[in-house]
1. If each of LEU108 and ASP199 carries a label point 7 Å out from its Cα toward its Cβ, how far apart are those two points in nm?
2. Starting from the residue with the highest accessible area, list SER245, SER24 in decreasing order, probe 1.4 Å.
3. How far apart, in nm, are the 7 Å Cα→Cβ label points at PHE72 and ASN172?
4. How much length, in nm to one decimal, is gained on full extension between THR272 and ARG252, taken as 0.36 nm per residue of separation minus their Cα-Cα distance?
5. May I ask you to list the aspartates and glutamates whose Cα is less than 16 Å away from that of LYS44, ignoring any residue fewer than eight positions away on the same chain?
6. State the percentage of accessible surface on segment 133-183 attributable to carbon and sulfur atoms; use a 1.4 Å probe and exclude ligands, DNA and RNA.
7. Calculate, in nm to one decimal, what GLU215 and PHE283 gain on full extension: separation in residues at 0.36 nm each, minus their alpha carbon distance.
8. Beyond a 32 Å Cα-Cα separation, which of these cross-linked pairs lie in this structure: LYS125/LYS217; LYS119/LYS181; LYS47/LYS104; LYS2/LYS104?
Amino acid sequence: MKLLIVDDEELTRTGVISSLDWSSLGIDEVIQADDGVHGLETAKLHKPEIILCDVRMPRMDGITMLERLEKFLPDSVAIFMSGYSDKEYLKAAIKLKAVNYIEKPFSLSEREDAIREAKELYQQKVHSRRGETLHSMETASRLALQLTLPYVTNNQTIADLTSELGITMNNNTYFTAFIVKTDLFLDANVPSMADFCQDFLDFLAPFRTKCIYLEKKMQYLVYFLFSQNEPANRHLQSVNTYLCSHFAEIGRYSMACGDTVYGLSKAYQTYTSAVILLQSSYFFPENTLLTSDHPDDNPDV
């Protein structure tokens with residue numbers, strides 16, 4: 001684990017670093033910063049699991065720094081240090097769910113206990129977040145499965161799943177389906193498709209597009225891209241290139257891109273158009289992406 005010490009007093013930082021047996025506490029690396037601004041920059045760079053920081057510092061106090069870091073490092077655990085018995089700061093620390101609040105001068109045992117408690121809380125947060133992520137992925141997969149079926153038969157199920165996931169799918173949503181036929185599931189050395197999906201989501205974010213996916217029959221990957229904005233041709237071409245590059249790196253595949261459709265009730269149609277295209281993949285070379293516009297001009301990666 002990494003621990004970041006943020007304090008504008010060099011003697012305090014040096015004293016904390018030299019007084020503790022970090023390896024016995026399970027800390028592999030200790031980083032330091034001399035104020036809140038540098039602490040923010042350092043934390044974004046090194047991503048520490050535990051942050052031991054002063055409350056009052058020049059340019060940016062510890063409360064403000066940690067509020068800004070929360071969206072970048074949601075699982076990191078804070079321990080506040082202060083030489084002031086300030087109730088307002090203490091309230092703010094509690095609001096940020098700081099694991100502890102220790103006042104200077106603090107004893108060696110106080111620091112050790114606070115760090116051990118922070119480690120335990122960090123591990124609990126990571127475990128909880130992984131469980132939440134797994135549940136969300138399973139729910140998203142169930143939703144993707146529903147989109148492969150005619151809307152009239154399952155509209156209430158789709159409404160329930162989108163509500164649970166907190167995503168928007170309605171009559172103003174555009175959908176584009178991609179289907180990948182691959183034998184990657186048989187290769188134990190292939191990276192997780194779930195990890196790739198997260199990278200794919202990050203890639204799609206600038207296009208204001210989201211994605212859910214489904215692993216079907218141990219041979220097919222079905223991706224539903226959806227957005228409230230009509231996808232530009234250049235954006236779809238970027239997606240085509242991205243997917244082809246990824247799957248070409250790890251094995252053989254055939255891929256089809258369905259027609260973009262408008263409205264949740266028509267999401268099934270983009271899937272069926274991709275299925276029809278994929279059925280003709282036998283007539284094309286491996287690692288080819290088929291689209292309805294130019295099936296013979298697609299990138300052969």
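The values are calculated or read from the model by the stated rules, or taken from the named source; none is laboratory data. These figures come from a predicted structure and were not determined experimentally. Quick reminder, even Gly has a Cβ in these numbers, built from the backbone with ideal geometry, and neighbours come from all protein chains shown. In case anyone asks, the SASA skips ligands and DNA or RNA and just uses the protein heavy atoms, side chains included. Shrake-Rupley method; radii C 1.70, N 1.55, O 1.52, S 1.80 Å.
1. Result for the modelled spin labels: 4.7 nm.
2. SER24, SER245
3. 3.4
4. Full extension from THR272 to ARG252 adds 4.9 nm.
5. Leaving aside aspartates and glutamates fewer than 8 places away in the same chain, those within reach of LYS44 are GLU29, ASP34, ASP35, GLU67, GLU70, ASP75.
6. Of the solvent-accessible surface of segment 133-183, carbon and sulfur hold 50 percent.
7. 22.1 nm
8. LYS125/LYS217; LYS119/LYS181
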